Amino acid sequence: MNLRIFLDEELEKHRVIILPVMDVKESMRFLQFSGYRPAATILDPWYNRGIGGVRDDYFEYMLDIIDTVKYNTNHLFLWGFPEIAAQFINKINEPLEFVAWLTWFFKNCPSVIRGWRSSQQTCLHYAVQGAKMYPENFFNAEQELRFENNQMRFIPAPSSVIEESLLVGFVGKKEQTGHPAQKPEKVYEKLVLMSSAADDLIYDPMAGSGTTGAVCITHRRRCIISDISDEYIFLAEKRLGIKRLSENIIDEYRLEMAQEAECAVV
Ligand SMILES: C[S@@+](CC[C@H](N)C(=O)[O-])C[C@H]1O[C@@H](n2cnc3c(N)ncnc32)[C@H](O)[C@@H]1O
């Protein structure tokens, strides 16, 4: 079986491929092995506080992951709490360049800590030089018409602050899957629309409940997602109505990937 043809057919059929349980780095190797270069990669790891625990080597761990992905994507979106994202800002470099500090702002965090109530998360946007951005994807009907008729002197850009309520309690009840760190589709929609055109490939190797997949289905992008947790992949399968690829398919290529890696070392 030709892997690329098979995966292309799956994407044609479902728009989204859910890989079997996989660590982020194996998932990236698989993507590269299959010959895909995504328009955008979304990295939404645990945040090194609260759920997911704390790692002493978090910074090095994430930089290592970014080093693996940075040669194989046009855009990269990295999520985190502001104080953690701030540590990355000048550490992610060639071939990527810093594009924007995006803030997801929400007013409805139920936290009752004695201090500031958390109301934002950060998403760092990086891209390779010349990577296309698509502000026109945010036009309303009137703007589209003016744009088509060359009547627009300036292209209005979407805001780098994305205001959207946290999915909690009754807010976004229909969208909620039970994943403890699920992002609203309206937030991810902005990343996907800014960085891709219809049919482009979006990649999310720490996909949790599959928010990226849901947005890609709505906006007619193609999408490959994976996660290290069987429980969360199950949530994504249920949400998207798509089954993960079978382990057998992946095992065949795990062997080939291992042989390729061995040859590279020798
Ligand atoms: C913040 S959540 C992502 C939430 C997702 N954006 C959503 O909207 O549902 C982080 C995810 O990263 C996954 N994860 C953590 N470490 C991983 C690793 N080494 N490889 C792949 N996935 C990992 C977790 O299982 C978790 O689902």
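Any read-out appearing in this document is the output of simple, stated calculations on the displayed coordinates, not a laboratory observation. The structure presented is a predicted model; accordingly, all values stated were derived computationally and were not measured. Heads up, the Cβs are rebuilt from the backbone with ideal geometry, glycines too, and the neighbour counts pull from every protein chain shown.
C123 sits among other residues whose Cβ lies under 15 Å from its own Cβ, and their net charge, with Lys and Arg +1 and Asp and Glu -1, is -4.
Taking label positions 7 Å along the Cα-Cβ direction at both V54 and R254, the computed distance is 3.4 nm, reported to one decimal.
Placing pseudo-labels 7 Å out from each Cα toward the beta carbon at R146 and K174 gives an inter-label distance of 3.1 nm. Taken along the Cα-to-beta-carbon direction at a fixed 7 Å, the label points for F105 and K238 span 3.5 nm. Lacking any other cysteine beta-carbon closer than 4.7 Å, the following Cys residues of the chain have no compatible partner: C109, C123, C263. Near E231, once Lys and Arg are set to +1 and Asp and Glu to -1 for all other residues with Cβ below 12 Å from its Cβ, the sum equals -2. Compared with the alpha-carbon gap, the fully stretched path from S34 to S118 is longer by 26.2 nm at 0.36 nm per residue. Length gained on full extension, C263 to E247: 3.3 nm, using 0.36 nm per residue less the C-alpha separation. Cα centroid separation, the stretch 121-155 to the stretch 191-251: 25 Å. The convex hull built on the alpha-carbon positions of the chain has an orientation-averaged projected area of 16.6 nm².
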